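*Asks:* Got a structure for you, questions after.
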Amino acid sequence: QVQLVESGGGLAQAGGSLRLSCVASGGDFSLYDMGWFRQVPGKEREFVGCISWGGIATYYVDSVKGRFAISRDNAKNTQYLQMNSLKVEDTGVYYCAATRRPGALNLSTRYDYWGQGTQVTVSS
């Protein structure tokens, strides 16, 4: 059983930056593909981006391309989401997710393990 704990959320101004972290425990982190999702009240959880188990491949939703970057440090069992040029519409609860099952990494159903989420609020 893998446990995921996100941190780094908070309040930022539009145009600013935040870096989220996701620390994994209970499994071999280096074997898992990792993803980031976000959710606002009343809406479905939205895919933000993902990174392959080896860190070679990353993929992002169009709305964050060029602004967000995902990385991972397998030695530290940690995934990161660097968010730059933040926009008000980036506000939401950000979730870290992990999976070893094959399939499309932009689908929430693909992932087996989820963190509790961290709130990101971007003000204008």
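*Asks:* Considering (1) closer than 19 Å to A98 by Cβ; (2) open to solvent by 60 Å² or more (accessible area, probe 1.4 Å); (3) polar (S, T, N, Q); (4) in contact (Cβ under 8 Å) with a residue 40 or more places away in the chain, say which one N77 fails and leave the rest.
*Replies:* (2)
*Asks:* Could you give every pair whose Cβ atoms fall below 6 Å, whose first residue belongs to the range 57-68 and is surrounded by 12 or more Cβ atoms within 10 Å (Cβ to Cβ), and whose second residue is assigned to a loop (DSSP other than H, G, I, E, B), counting only separations of at least 6 or pairs across chains?
*Replies:* Here the result reads R67/N84; R67/S85, each pair linking the range 57-68 to a residue that is assigned to a loop (DSSP other than H, G, I, E, B).
*Asks:* OK, next. Please find, within the range 3-17, the residue that is farthest from M83 (Cα to Cα) out of those that are open to solvent by 30 Å² or more (accessible area, probe 1.4 Å) and either in contact with a Phe, Trp or Tyr (Cβ under 7 Å, 6 or more places away or on another chain) or in a strand (DSSP E or B) (or both).
*Replies:* Among them, the one singled out is Q3.
*Asks:* Taking T58, is it under 18 Å from A104 (Cα atoms) and in contact with a Cys (Cβ under 9 Å, 6 or more places away or on another chain)?
*Replies:* Taking the combined requirement at face value, the residue satisfies it.
*Asks:* For the range 99-117, give me each residue that is open to solvent by less than 20 Å² (accessible area, probe 1.4 Å) and part of a strand (DSSP E or B).
*Replies:* T99
*Asks:* Taking the stated definitions as given, is S124 open to solvent by 40 Å² or more (accessible area, probe 1.4 Å), in contact with a helix residue (DSSP H, G or I) (Cβ under 6 Å, 6 or more places away or on another chain) and farther than 17 Å from L4 by Cβ?
*Replies:* Yes; evaluated as a whole, the condition is true for this residue.
*Asks:* Note down all Cβ pairs under 8 Å where the first residue falls in the range 101-124 and is without any contact (Cβ under 8 Å) to a residue 12 or more places away in the chain, the second is surrounded by fewer than 18 Cβ atoms within 10 Å (Cβ to Cβ) and of a type in the set (D, E), and they're at least six residues apart or on different chains.
*Replies:* Here the result reads R101/D112, each pair linking the range 101-124 to a residue that is surrounded by fewer than 18 Cβ atoms within 10 Å (Cβ to Cβ) and of a type in the set (D, E).
The values are calculated or read from the model by the stated rules, or taken from the named source; none is laboratory data. None of these values were measured; they are calculated from a predicted model. Quick reminder, even Gly has a Cβ in these numbers, built from the backbone with ideal geometry, and neighbours come from all protein chains shown. Ligands, DNA and RNA are excluded from the accessible area calculation, which covers all protein heavy atoms including side chains. Shrake-Rupley method; radii C 1.70, N 1.55, O 1.52, S 1.80 Å.
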